[in-house]
Amino acid sequence: MRNLMFAGLLFLFCFSNSQIIRAEILTVASPDRRIAVKVAITKNVHYQVFYDGKALTKFSPLSLHLADGRILGQQDELKSHTTRSTDQVLSVKGGIRSKIRDQYNELVLSMSGNYQIIFRVFNDGVAYRYVTNFREPFVVQAEWVEYKFPDDVETHAHIINTYRSSFEKHFTSGTLTSLSPERDLISPPLMVSADEGPALLFTESDQMGYPGILYRRYSEENIYSIKADFAPYPATTEIGGIKNFNQLVASEEDFIAKMDAKSAMPWRLMIIEEEAAGLVDNTLVYQLASPSKIDDSWVKYGKVAWDWYNALNLSGVPFETGINTATYQYYIDFASRNNIEYIILDEGWSDQFDIQILNDEIDLKALIQYGKERNVGIILWAVWYPLLDDMDELFRWVRDLGAVGLKIDFFDRNDQPVMQTMEQMLATAAKYELLIDFHGCPTLAGLERTYPNLVTYESVKGNEFVKWDKEGEPPYHNVGLAFTRNVVGPMDYTPGAMRNATQKGFSPNFESPMSKSTRAHQVGMYPVYFSPLQMLCDAPTTYEKEPQVLDFIAQMPTTWDETVVLAGQYPDYLVVARKKGDNWYVGGLNNQEERSISIDFGFLDDATYQLRMISDGLNANRDAEDYQYTAVVKNDRTPVEINMKIGGGFSIILEKI
């Protein structure tokens, strides 16, 4: 046990207020001993994180402020402490690997106020949480989460600025001190790096009905600190926003959460990787989340043909396209021919505020039956708050129609009632065996483990923004998402744009959108981005004009048995290999600087593989739709050099022969 922890040491140290305090220091280390956490217990609880003996943080306070005046972490004595080690293998239904080694050392502080503070130290991160054992429910007025750095650091921040947000911004890079404490409100994950130090990613896990965490730079001068912020609990709401799709907060309470007497608060997580590329296949958010609460044997992952991005613009068909039965029958036929499991009926299939009022141009029951006969399920779009009127009845109605899931949109908040509503929706959907795709939502902190019917969610500035945003989706943004947003959960970026433009040639177009990246870059997203429900965003007839590309995308799995990061530098480029069954799939994404990269195939076994590749064409810097298709037999691990053009990429399928 001494390898885990050294307890009962008396230690003198100096806090920022220059007071000298005598404290009891407890230390818990990771299984590989590279990460250590020192917990200082006096009147207050502080902790400090070390990596290879170097302090990543100064002693930082933690506390939970209750409305009745109690402050957990400040006013109570340590009654006892215990440690334990865990080394287990988690089986994953739909993730970036089918088996995850879950290994950590844990320190449990039992406090006199009838609660615990639990620290877990993994080989790739540190997390802590509160667990209460009170007799009565309680109200949380504030939670103090702080990370004090020894010096200024580089930050890569998803700045949303206000509590009302669709959580769809580019990440902004700069020093911590360049952030405005008042203006720059940051949603997770927050990436931090320092000279000669590891890459850090700050986020949370196992949220379970608590407001989502946000971050700000701490306001005191000369203190390099990040602190948490939380949306207040809504007192009253009103309908508004785009097309009245939002339930806006009109007034706020002076607290953030109402909690049950026995509650486990979310894990406050710091992921630590030696290099930023290590973040891409980190699974700590999943590991810390609660196990599945549902029978998930019916959950089926796969790809989905989407209508809204391409504005239902089919060409060469013998009918007028639009929100009508004939158009969606074509989408179903397309999906069926290409073994695509689902299609989505986005906005327009029903009244926007009452999904039981159907569009007269669609015979929905006949359409759903048409899909069933062709092994294609239908997912229906809905605005979130009208579903609250009678959620159980409406979800049952969707099930009875024969639809397989709901895409639920426009939450645009992460306060406690919204987070509780999303969990309630997942539980109700599971009751009726419905898949869920949330849009206009915050990051959901491992909720896909607890409810595997959460097959993907947005919380990302994805492909749809090229329809109206003059900046489009810069290639560096696409690369960076794999290091940041996709680390915390499945990401519904909606890849697969087939109209592709150079950086200079791009312009937004709502009806005929184009990507600000090459064709090969868009195809490369399929093995790089993780989403158990993965979109094909463009029109069926557009894909059908490029059968090589369509066949390539159609063969891509959406969940994986193994993941290997082959190369990467944030936010410049990334190469990832993923395995499904006997086959491997490799994807590469590049920023705005052309580069060549050597792909090391050391992950392969001694078998012979059929290698097929889509990569940037020789003229992709002039014509972003220019690509090369390569098919060869590969029977060794010899590296292959690939040239990625400006905003380029590639995708490889290695099929065992």
> So how many residues does the range 328-357 have that are open to solvent by 10 Å² or more (accessible area, probe 1.4 Å) and either more than 21 Å from ASP437 (Cα to Cα) or assigned to a helix (DSSP H, G or I) (or both)?
Replying inline: 7
> Hey, among the residues in the range 617-636 that are under 19 Å from LYS545 (Cβ atoms) and of a type in the set (Asp, Glu), which one's surrounded by the fewest Cβ atoms within 10 Å (Cβ to Cβ)?
Replying inline: ASP623
> Which of (1) free of Cβ contacts under 8 Å to residues at least 60 places away in the same chain; (2) under 30 Å from LEU190 (Cα atoms) is the odd one out, the single condition GLU361 does not satisfy?
Replying inline: (2)
> Are any residues in the range 23-43 under 30 Å from PHE255 (Cα atoms) and surrounded by fewer than 18 Cβ atoms within 10 Å (Cβ to Cβ), and if so, which ones?
Replying inline: THR42, LYS43
> Looking only at the range 293-311, which residues are out of contact with any strand residue (DSSP E or B) (no Cβ under 9 Å at 6 or more places or on another chain) and either surrounded by fewer than 19 Cβ atoms within 10 Å (Cβ to Cβ) or acidic (Asp, Glu) (or both)?
Replying inline: LYS293, ILE294, ASP295, ASP296, SER297, TRP298, ALA311
> Just one of the numbered conditions (1) touching a Gly at 6+ places or on another chain (Cβ under 9 Å); (2) surrounded by fewer than 24 Cβ atoms within 10 Å (Cβ to Cβ); (3) outside any helix (DSSP H, G or I) is not true of LYS461; which one?
Replying inline: (1)
> Looking at (1) open to solvent by 50 Å² or more (accessible area, probe 1.4 Å); (2) free of Cβ contacts under 8 Å to residues at least 12 places away in the same chain, which is the only condition ARG70 fails?
Replying inline: (2)
> For the range 10-54, what are the residues that are within 22 Å of PRO150 (Cβ to Cβ), in contact with an Asp or Glu (Cβ under 9 Å, 6 or more places away or on another chain) and at pLDDT below 50?
Replying inline: PHE11, SER16
> Can you tell me which residues in the range 221-248 are under 12 Å from ASP412 (Cβ atoms), part of a strand (DSSP E or B), open to solvent by less than 30 Å² (accessible area, probe 1.4 Å) and in contact with a helix residue (DSSP H, G or I) (Cβ under 9 Å, 6 or more places away or on another chain)?
Replying inline: ASN246
>> Filter the range 371-421 down to the residues that are in a loop (DSSP other than H, G, I, E, B) and either open to solvent by less than 20 Å² (accessible area, probe 1.4 Å) or over 22 Å from ILE340 (Cβ atoms) (or both) and list them by number.
In response: VAL376, TRP384, ASP389, ASP390, GLY402, ALA403, PHE410, PHE411, ASP412, ARG413, ASN414, ASP415
> So, in the range 73-102, of the ones that are more than 24 Å from the chain's Cα centre (by Cα) and among the β-branched types (Val, Ile, Thr), which residue ends up most open to solvent (accessible area, probe 1.4 Å)?
Replying inline: THR82
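If you go through the range 230-241, how many residues are touching a residue at least 24 places away in the same chain (Cβ under 8 Å), touching an Asp or Glu at 6+ places or on another chain (Cβ under 9 Å) and of a type in the set (A, V, I, L, M, F, W, C)? Even if it seems obvious, please write down each step before you answer.
Looking only at the range 230-241, we keep the residues that are touching a residue at least 24 places away in the same chain (Cβ under 8 Å), and these are 230-234, 239, 241.
Those still in the list that are touching an Asp or Glu at 6+ places or on another chain (Cβ under 9 Å) too: 230-234, 241.
Right, trim to of a type in the set (A, V, I, L, M, F, W, C) and you get 230-231.
Summing the residues that are touching a residue at least 24 places away in the same chain (Cβ under 8 Å), touching an Asp or Glu at 6+ places or on another chain (Cβ under 9 Å) and of a type in the set (A, V, I, L, M, F, W, C) in the range 230-241 gives 2.
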> Can we say ALA539 is over 27 Å from PHE483 (Cα atoms), open to solvent by less than 30 Å² (accessible area, probe 1.4 Å), under 30 Å from the mean Cα position of the chain (by Cα) and among the hydrophobic types (A, V, I, L, M, F, W, C)?
Replying inline: yes
> Among the residues of the range 316-327, is there at least one that is open to solvent by less than 40 Å² (accessible area, probe 1.4 Å), over 28 Å from the mean Cα position of the chain (by Cα) and in contact (Cβ under 8 Å) with a residue 60 or more places away in the chain?
Replying inline: yes
> Assuming GLY505 fulfils every condition listed in (1) outside any helix (DSSP H, G or I); (2) open to solvent by less than 10 Å² (accessible area, probe 1.4 Å) apart from one, which condition is it?
Replying inline: (2)
> If you check SER219, SER225, which single one turns out to be modelled with pLDDT under 95 and over 24 Å from the mean Cα position of the chain (by Cα)?
Replying inline: SER219
> Out of all the residues in the range 464-486, is one or more crowded, with 23+ Cβ neighbours inside 10 Å and over 19 Å from MET525 (Cβ atoms)?
Replying inline: no
>> Give me the strands (runs of 3 or more DSSP E) completely within the range 154-220, filtered to those with at least 2 residues that are out of contact with any Pro (no Cβ under 9 Å at 6 or more places or on another chain) and open to solvent by less than 40 Å² (accessible area, probe 1.4 Å), ordered by residue number.
In response: 154-159, 186-193, 199-205
> Within the range 271-280, which residues are open to solvent by less than 40 Å² (accessible area, probe 1.4 Å) and either under 20 Å from MET498 (Cβ atoms) or not small (Gly, Ala, Ser) (or both)?
Replying inline: ILE271, ILE272, GLU273, LEU279, VAL280
> In the range 72-98, what count of residues is obtained for those that are closer than 19 Å to PHE119 by Cβ, part of a strand (DSSP E or B) and either touching a Cys at 6+ places or on another chain (Cβ under 8 Å) or not small (Gly, Ala, Ser) (or both)?
Replying inline: 10
> List pairs: first in the range 79-105 and under 19 Å from ASP32 (Cβ atoms) and among the β-branched types (Val, Ile, Thr), second modelled with pLDDT under 95 and part of a strand (DSSP E or B), Cβ under 8 Å, 6+ apart or cross-chain?
Replying inline: THR83/MET5
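Could you tell me how many of the residues in the range 547-595 are among the polar types (S, T, N, Q) and either in a strand (DSSP E or B) or under 16 Å from LYS645 (Cα atoms) (or both)? Don't jump to the end; show me each part of the working.
First, pick out the residues of the range 547-595 that are among the polar types (S, T, N, Q): 548, 555, 558-559, 563, 569, 583, 590-592.
When the remaining residues are screened for being either in a strand (DSSP E or B) or under 16 Å from LYS645 (Cα atoms) (or both), the result is 563, 569, 583, 590-592.
Total meeting the criteria: 6.
Scan SER517, SER512, SER531 and give me the residue that is part of a loop (DSSP other than H, G, I, E, B) and open to solvent by 20 Å² or more (accessible area, probe 1.4 Å).
SER512
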>> I'd like to check something: does the range 571-578 contain any residue that is open to solvent by less than 20 Å² (accessible area, probe 1.4 Å) and out of contact with any Gly (no Cβ under 7 Å at 6 or more places or on another chain)?
In response: yes
> Of all residues in the range 260-292, how many are in a strand (DSSP E or B) and farther than 18 Å from LEU447 by Cβ?
Replying inline: 3
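The values are calculated or read from the model by the stated rules, or taken from the named source; none is laboratory data. Here the structure is a predicted model, which means the values were calculated and not measured. With ideal geometry, Cβ positions are generated from the backbone for all residues, glycine too; neighbour counts draw on all protein chains shown. Surface accessibility is based on the protein's heavy atoms, side chains included, excluding ligands, DNA and RNA. Shrake-Rupley method; radii C 1.70, N 1.55, O 1.52, S 1.80 Å.
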